[in-house]
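None of the figures in this text is laboratory data; all of them are computed from the coordinates on show. Computed from a predicted structure; not experimentally measured. Ideal geometry is used to build each Cβ from the backbone, glycine not excepted, and the neighbour counts take in all protein chains shown.
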Amino acid sequence: MKQKLGWRYRLAVIMVILIFLAWPAGAGQAAHPFVQGYVEGYLKEITLPPAGGEGEAAITVETYGGEIYRLKLSLQAVLAIDQRPAKPADFKPGMEVYARIVNRQATYVEGYSTMVASYLPPGGRVQRGVIIDIEGENLIIKDYAGERRNYYISPATVIMRQGKLITPGLLYPGDRVKLYFDELYSDVVGRMEVEGNSVLVSGLYRGKLASVDTSAENLVLREVYIWRNGRWQSHAGIMQIPYVPEIVPFAGGQKLAENRMPYYRGRDVYIITKNVLGRERAVNVIFKNQYESVFNDKIADINWYADKLELGDKNNFTLHEGSVVIKDGRLQDKMILGSGDDVLIIADGRGLSRLANIIYVYNQSLNNTKNGQYYILAGRLDQVTEYRLWLKDYFVLGGNQWESFRGSRELFFDHDTAFYDGENRILLSADQFIAGDYAVDEESERVKKEGLKDWYAYLYVDGERVVAALLQPKMDSLLVQRVTTGTVHKVVQDELAGWTVEMRDGADFSPARGQWMPRTAFLRVNLEKALLIKEDKLITPEELKTGDRLYMVRDDFFGKVIVVK
Amino acid sequence: MKKRVAVLAFSICLVVCLLFPALPAAGYPDINGGVYNEYEYEEIVFLSGEPVKFTGKVTTSYKEKENQATVRYTMDLKPENESIKGKLSRQVTYSINYDRRTDKGQTIADIKVTSFKENIDLDKDKYKLEDFQFSSSRIIDNRPASDFYSGTWSARKYYTINKTEGTAVVDISGGTAGYANFWGTTTTQLIEKVITVNRTLPGNNKGESGEKVGWQGTVKIDQVDSMRKTLKYEENKADLASFSGGHMRITQQNMYARYEYDLPYIKEGQVEESRRQQGTIELSKDKLPQIERLIIPKFYDTGGHWAQKSIEKLYSLDVFTDNSSFFVPDAPMNRMDFVRALMKACDIRVEGETKKKTGSRKQPAEVSPFQDVPSTSDDYKYVKSALEKGIVSGMSRDFFGAKENLTRAQAVTILVRALGFEHKAPTPGYYTSFADDEKIPGWAKDSVYIAREINLISGDTSYRFNPDKVMTRAEASVMLVRFLEFLEKDLQKNYREEIILYNR
């Protein structure tokens, strides 16, 4: 009997041990939400008593296993959906939820609803700033907090200026832009909006401050001079000019508070203006501290650590926070300055201690940035076939002067290419150009019989594509031609000469000195036989506007290729 | 029971009035692209095929009654160029019907023309407006600190020329974008007009009709009506005074219009097909700035403090209630003071203030949802309004945390909710650009993301946001002043400069 009991006893003990071994440690206890501290599953119901009413706030959850739990909601309970704060009404039955439980009460309830994580609508991220540089696909801007940011443009990037599509080659450093990104973490710009003509500097004035009205944001100057054609010219006895709200005046290289300006009454002040919303407004105000001097030379060296600039004539200047740099008609970051730039400096100081208040950079190129692929070519039309042409013994305008090349150069054109027959003063379509006798086989009988010869062309090209072409039967002497820049003062239809543009603030490139030489007088240029191009389109002289900036190849009075910048 | 219903109806009316303050008449400029100030109105008329500038007087009236408003424009104008004989008289009344969706915090405004009369004389031609079809609707998102609106419209004007000589039809379409808050309002209209004229020229002999002429032209008009209020410091001119200077609030209002036209080239009544007249005309009018002097801050302990300017600006706006001579800028800001300052600085209406004006009524004592802000407290009205408008939600369901220190995450969340911008954040799962992104609590993440995007905040030197860092009174003041600048300057720049100067 003893033995039997012992056997049964042993069997029972073994069974109990086996059961304990087979049972996962604490499984029974951990399965209960009150023990594990949370419950997750589907929401059945969430109830809250009315404000000030009786009853308890509770949540009912059906776990993935099918058990149903009703939990009291703690008074401090936090409700959220996808980590965002939510109200009880935002929770819907059937929604997946997680509830954290403390002391048998739900202290945190989170529902899950969003299908696509981190989604942002296309263009949902916006960055504003000023272009500092563009090189290849790399776009560097300075945001309005002064921070430099690096982004990328792709062939798919939509770039618009004043509602019109433009190519990256038409962007300038100094352009104010709005960048739209289609993805949250992408640095590739999806769409770019570029400020229009309001970005351009419209005037540089010097006068004596007569009064300041800070409430109306107006300055009154007397004895006002305007910077025109490389010198100060008398402009007005009195001039009232509004200033932009964000104005930061400077005196002696130091920032001034707006309300300190009245203390500078009677002092000479430099005003830089832009046309903003129908009015000319001061965007920079710099008070003269000591004595003005004006220098015109190449930059020899810049020391960015000491903010010092040296010209070719060994004059040194200090750059300050308020130094204004103007290039391509735009206000620019100081960092665009470089050795070799042809500049005009309006300085303030005495002896060898001078502050560079205004730095005007004359350098201009056909290409606004390193990205540009625009060139002007001239040469004999050797062969024209469907959408292709060959120039023979051609010239390329590089570094603002003509360079000759032997041999043949193949280029492409299309139905958007503009052909202007300068001899007959007619516009041609691509088909008319192909069908015309502009490039002939001089050995053929018909050509010999009719005395035809190859024509010559000035071509404005973007890479290998001809944007516009000026056709003429004879080649000009390119040696007498020069590259000139300037701003349209007025466009007139002269009775004798025809359409003529009068330019101000011009500069000619001197190949002998390798330097831009400012012009000190207005310059008239005839447009009748000129190729006039704006934003890759041929335009008529009537479409030129006062204030347009021009880059041109001219033969004395006659414009040849004129590009509106 | 009747009494209860009356109280309920009154409360609903009151809430509606508080949530939806009357929109200014400036929010509904006419669709002709005219600009005006207190003295003069200017507009360009293109019906003759030439741009002709008219100037003269305009009177506008805006009346609002419950859900209806009327805007009336009356103008008598003459060509600015005295060599052109002509006049323009116009009376137009627009009726606006508001559908206020308090549950969504939005309003739909449907606009109709209820009466019109327009006659334009230009040299020998008389244009009479025979019919004016107009359809417009606008959605207004009523957010606590500002209303944002967007509208679309379509219109057609039929004119007769010299009664029987022909017709001029002007098809007009366009859109409106704008905002209205205490610190600024801007309405930008982008208008496209297509003018179609078909007429018979007078014959050489009396009673004889001449050649038929027809032409089409287009005019794009960008029109902006904008107001902003700025705070400026004015030094006291005298030394021997009890204060050295103080702030003034300046209200500036400006209207701008830019016409870009493409018209036929008409010579002696005949249209030259080969040429077009293209050009741009800009008009701008400023109203005289309105100046209000504000109370003078007199603290002993803010002089030379890095946040002195911001503190003094806010004090001038009367947003700090204590009468102490010490601001204690480096002490922590508490949640109640911040919410009160925001409500006051943005002129966000609070229920209690209006109740006083409507007279006392015996009502059952209100029960505060928060234990720490009893309904008898002076601060209750601010907390209640902020809660109703979704600006705050309390630290828990029954605890606002009025005396608790304000953290950066809380401050940013309150400001972004006041703007109603939190919905512009990406869907969850994203991370912000701050180095300590993982420390930003879920409830604040959208607000921190948005605040960074709109430049309300930036990171510290290590590019951290520091969400749990307690804000000092000085830091909170600077953040509030930046918020006011956003309402005043950033919105204006976005709705005016960026729409007009970048897109058109």
Normalised per residue, the volume of the convex hull around the Cα set of the stretch B:367-474 (Å³): 112 Å³
Check: the stretch A:291-361 dipole with +1 on Lys, Arg Cβ and -1 on Asp, Glu Cβ, in debye: 80 debye
For A:V276, distant residues with modelled amide H under 5 Å away: A:R281
Positive-pole candidate from B:A307, B:N466, B:Q371, dipole of the stretch B:295-491, charges at beta carbon: B:Q371
Given charges at Cβ of Lys, Arg, Asp, Glu: the stretch A:380-472 dipole, positive-most of A:V384, A:Y438, A:G407: A:G407
Amide H contacts of A:W455 (H built 1.01 Å from N, under 5 Å, at least 5 apart or other chain): A:L381, A:A439, A:V440
Point-to-point label distance, B:D262-B:Y39, nm (Cα→Cβ direction, 7 Å offset): 3.8 nm
Amide N proximity, the stretch B:280-299 versus B:N81 label position 7 Å along Cα-to-Cβ, cut-off under 16 Å: B:280-282
Helix A:2-22 vs. chain A, principal-axis angle (Cα, 0 to 90°, nearest 10): 20 degrees
Computed magnitude of the charge dipole of the stretch A:481-564 (debye, nearest 20; Cβ of K, R +1, Cβ of D, E -1): 300 debye
Whole-Å distance, taken between Cα centres, linking the stretch B:72-107 and the stretch B:248-264: 16 Å
Prolate/oblate/rounded label for the stretch A:291-361 (Cα gyration tensor, a/c 1.5): rounded
Positive-end extreme of charge dipole, the protein assembly as shown - chosen from A:F250, B:V170, B:I266 (charges on Cβ): A:F250
Descending Cα extents along the principal axes, the protein assembly as shown, whole Å: 139, 87, 72
Using a Förster distance of 51 Å, the FRET efficiency for B:R464-B:K63 (Cβ separation, nearest 0.05): 0.45
For the protein assembly as shown, size of Cβ-based charge dipole, Lys and Arg +1, Asp and Glu -1, in debye: 3480 debye
Phi-based couplings in Hz for the stretch B:434-439 (Karplus 6.51, -1.76, 1.60; Gly and Pro marked x): 7, 5, 9, 3, 5, 8
Subset of A:K87/B:K439; A:K298/A:K565; A:K327/B:K229 violating a 29 Å alpha-carbon distance limit: A:K327/B:K229
Cα Rg over Rh - chain B, Kirkwood: 1.06
Estimated inter-spin distance, B:D131 and A:Q83, nm [label 7 Å along Cα→Cβ]: 5.9 nm
Ascending count of other beta-carbon atoms within 10 Å, so fewest first, for B:F399, B:F370, B:F320: B:F399, B:F320, B:F370
Amide H contacts of B:G429 (H built 1.01 Å from N, under 5 Å, at least 5 apart or other chain): A:S118
Sorted by Cβ density within 10 Å, fewest first, the residues B:K104, B:K489, B:K157: B:K104, B:K489, B:K157
Calculated diffusion of the stretch A:225-293, Stokes-Einstein form, Kirkwood radius summed over Cα pairs, 25 °C and 0.890 mPa s, µm²/s: 186 µm²/s
Distance between the stretch A:79-124 and the stretch B:450-504 - C-alpha centres, whole angstrom: 29 Å
For the stretch A:80-93, Karplus couplings with θ = phi - 60° (6.51, -1.76, 1.60), whole Hz, Gly/Pro x: 8, 10, 6, 6, 9, x, 9, 9, x, 5, 6, 7, 10, x
Cα convex hull volume per residue for the stretch A:125-198 (Å³): 86 Å³
Mean residue ellipticity (222 nm) of chain B, computed from DSSP H runs ≥ 4 via -39,500 (n - 2.57), nearest 500: -5500 deg cm²/dmol
Distance from the stretch B:29-53 to the stretch B:423-440 (C-alpha centre basis), Å: 49 Å
Radius, Kirkwood style, for the stretch B:218-371 when every pair of distinct Cα atoms is counted (Å): 21.3 Å
Charge context of B:E488, other residues only, Cβ under 11 angstrom, K/R +1, D/E -1: +4
Ascending count of other beta-carbon atoms within 10 Å, so fewest first, for B:D318, A:D342: B:D318, A:D342
Backbone HN-Hα couplings from phi across the stretch A:438-443 [Karplus 6.51/-1.76/1.60, Hz, Gly and Pro as x]: 8, 9, 10, 8, 5, 8
Using alpha carbons only: equivalent-ellipsoid semi-axes of chain A, gyration tensor based, whole Å: 71, 38, 22
Cα-projected label distance for A:Q290 with B:T93, points at 7 Å along beta-carbon direction, nm: 7.1 nm
Antiparallel %, DSSP beta bridges [both residues in the stretch A:456-565], to 5: 90 percent
Sequence-separation-based contact order of chain A, relative, with Cα cut under 8 Å and 6+ spacing, percent: 7 percent
Residue-averaged 222 nm ellipticity for chain A, from DSSP H runs of 4+ at -39500 (n - 2.57), nearest 500: -2000 deg cm²/dmol
Lysines whose Cα lies under 28 Å from that of B:K212, excluding same-chain neighbours fewer than 8 positions away: B:K53, B:K85, B:K87, B:K117, B:K124, B:K126, B:K128, B:K157, B:K163, B:K193, B:K220, B:K267
